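Participant: Handing you this structure, nothing more for now.
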Amino acid sequence: SSEILSPPRIAQGVVVVHTADGRLVALDALSGHVLWRYQSDIPVLTLRGTSSPLLVHGRVVAGFANGKLVCLDLQRGHVLWAVAIAIPRGRTDLERVVDIDGELAFRDGVVYAVSYQGKAAAVALETGQVLWSREMSSYAGLAADDERVYVSDAEGIVWGLERHSGAPLWRQVHLRRRYLTAPAIHGGSVAVGDGEGYLHWLSPEDGRFLARWRVDSKGLYAPMAVAGPTLYAYGRGGWLAALEIEPKQEDGT
């Protein structure tokens, strides 16, 4: 047995769990029967955390502590492809940490992932071909919309990247060292939480600040969830907030 540090995912009657010791376990949603298991290689030193698997089009895509992104068949667990998003470099174990612990994103047949001390990359779901990659370090993860990919990096900088090429379009540097969550797309804006408990809404076009709200004075860490017009954020102090963006009035207020 091992810890479960990220939310499980469910699709087509299958629950998939990513455990802290580098395993994926698929369970029948009704009976709890184990359908299959997958074990990844675990480096000597890793970050504490795991990414939630991505379940799309009958496949499971998951990032691991060895810097690899792996795609498996949802029902049987067969490995369809595996690609290294980051390759460990350096002399010390700390320098060689390349975990993919953050949120993954999927858009138009492409999976987006980012590793710690490695790269952000776009990978074709069908083939595992790397469409683009660029140097980036993140433990939180990313989000994507029709035009851009948004990344919270390890220094607390939020990046807006062109979705089809990975070219940087903008960066927001005024949240450095605030231990950001992964971005979330909410109401046409980009929302990120920080270690001081604030939610910040940024413009997807240029990264400027649009709004801010404090949820929990003990900080935000867990990935946010968006359902329709509502964003849900959970803080370290136990506060759960559901927020919606108010439409502008006719007078512009």
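Participant: Of everything in region 210-225 that's under 19 Å from the mean Cα position of the chain (by Cα) and in a strand (DSSP E or B), which residue is surrounded by the fewest Cβ atoms within 10 Å (Cβ to Cβ)?
Facilitator: A225
Participant: Checking the conditions here, which among G156, G207, G228, G193 is exposed (fewer than 13 other Cβ atoms within 10 Å of the Cβ) and either without any contact (Cβ under 8 Å) to a residue 60 or more places away in the chain or not assigned by the TED database to the domain that holds Y116 (or both)?
Facilitator: The conditions single out G228.
Participant: Right, another one. Being within 28 Å of Y221 (Cβ to Cβ), free of Cβ contacts under 8 Å to residues at least 60 places away in the same chain and assigned to a strand (DSSP E or B) narrows it down to one of V97, V70, V61, so name that one.
Facilitator: Result: V70 is the single residue among V97, V70, V61 that is within 28 Å of Y221 (Cβ to Cβ), free of Cβ contacts under 8 Å to residues at least 60 places away in the same chain and assigned to a strand (DSSP E or B).
Participant: Filtering region 143-200 down to residues that are among the aromatic types (F, W, Y) and in a strand (DSSP E or B), which residue is nearest to A241 (Cα to Cα)?
Facilitator: Y198
Participant: Checking the condition over 25 Å from Y221 (Cα atoms) and part of a loop (DSSP other than H, G, I, E, B), which residue from L5, L47, L30 passes?
Facilitator: Going through L5, L47, L30 in turn, just one is over 25 Å from Y221 (Cα atoms) and part of a loop (DSSP other than H, G, I, E, B): L30.
Participant: Look at region 104-142 and say how many of its residues are in a strand (DSSP E or B) and among the polar types (S, T, N, Q).
Facilitator: Selection size over region 104-142: 1.
Participant: For region 52-84, how many residues meet the condition of being closer than 19 Å to I10 by Cα and among the polar types (S, T, N, Q)?
Facilitator: 2
The values are calculated or read from the model by the stated rules, or taken from the named source; none is laboratory data. Just so we're clear, the structure is a prediction, and the values are computed from it rather than from any experiment. Counting neighbours? That spans all protein chains shown, and the Cβs are built from the backbone with ideal geometry, glycine included.
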